[in-house]
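Worksheet for the structure shown next.
The values are calculated or read from the model by the stated rules, or taken from the named source; none is laboratory data. Since the structure is predicted, the reported quantities are computational estimates derived from the model, not experimental observations. Every residue, glycine as well, gets a Cβ built from its backbone with ideal geometry; the counts of neighbours run over all protein chains shown. Note: areas computed on protein heavy atoms with side chains; ligands, DNA, RNA excluded. Shrake-Rupley method; radii C 1.70, N 1.55, O 1.52, S 1.80 Å.
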Amino acid sequence: ELQSQFISIATASIGGSYYPIGVGMSEIFKDKIGGIEAKVEVTGGATENPKLVGSGESDMGFTNANLAYQAYKGEGIFEKAKYDKLRLMFAGVAPGTLHIVAKSGSGITRIPDLKGKKVAVGPQGGGGLGMLPHIFEQFGMTMDDISPFYMSYDEGIEALVDGHVDVATAQAPHPAPAIKTLEGTKVGFNFVEIEDADRSAILKKHPYYNSVDIPAETYGLPAVAKALGSTN
């Protein structure tokens, strides 16, 4: 009898969408491919996963288009370690929408409103950390303009509800579990949106991102929310 071959799938923190997708993939591997046992790993997410796969610590993992490009080329946050042995298995799993939310009535509705605010930016290694500096750049801002709090998406939403942070982020295909949790709390919230002209300018400089219009019904909001994403 052949021994099972074990493979590891690097996903992200609980509260995003990578983890449940990874669980689904592991079940498909087990059911459809003989002799395969897949272990689903909770990781920092899209920024950490190219390092884990590139170094051989994980066999496969999820990341975003911008981070895969930078890791392969040894650019941006990966300039000290080029992972040119990375290979693409499949693309377009889902739009990695960067959700940026604040409580209703806070007056925080646009990116410049984040200046000086406490922002739950996701876990160390999360995909949103790669996008935020590029978004801030469009508005003459840097990460130094906010007070970042590094925590899982679920923890960030909890901190927003409790008033420990002013803004929470979650980069995940919509509907994101963490944002659905926020909807379930009945705490009023709004998206910090990025208008079309600014989205176009950001996409011109960073074509691996994409515009995402989140339908109002996704989170029970009064209108479409304008966001950016990076395809997973």
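For the reader, a short list of remarks on this structure follows.
- A single member of I108, I135 is of a type in the set (A, V, I, L, M), touching a residue at least 40 places away in the same chain (Cβ under 8 Å), surrounded by 15 or more Cβ atoms within 10 Å (Cβ to Cβ) and part of a loop (DSSP other than H, G, I, E, B), and it is I108.
To keep it simple, each residue is scored yes or no on (1) part of a loop (DSSP other than H, G, I, E, B); (2) of a type in the set (A, V, I, L, M, F, W, C).
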residue	(1), (2)
I7	no, yes
Y19	no, no
V23	no, yes
S26	no, no
K30	no, no
E37	no, no
T43	yes, no
A46	yes, yes
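- Flag if Q70 is in contact (Cβ under 8 Å) with a residue 12 or more places away in the chain and part of a loop (DSSP other than H, G, I, E, B): no
- Of all residues in region 155-170, one or more are among the aliphatic types (A, V, I, L, M), under 27 Å from G22 (Cβ atoms) and in a strand (DSSP E or B).
- Any hit, region 13-28, residues being closer than 15 Å to M131 by Cβ and either acidic (D, E) or within 17 Å of the chain's Cα centre (by Cα) (or both): yes
- In region 190-232, of all residues being touching a residue at least 40 places away in the same chain (Cβ under 8 Å), in a helix (DSSP H, G or I) and of a type in the set (A, V, I, L, M, F, W, C), the one that is most open to solvent (accessible area, probe 1.4 Å) corresponds to A201.
- Candidates G61, G44, G35 - the one that is touching a Leu at 6+ places or on another chain (Cβ under 8 Å) and in contact (Cβ under 8 Å) with a residue 40 or more places away in the chain: G61
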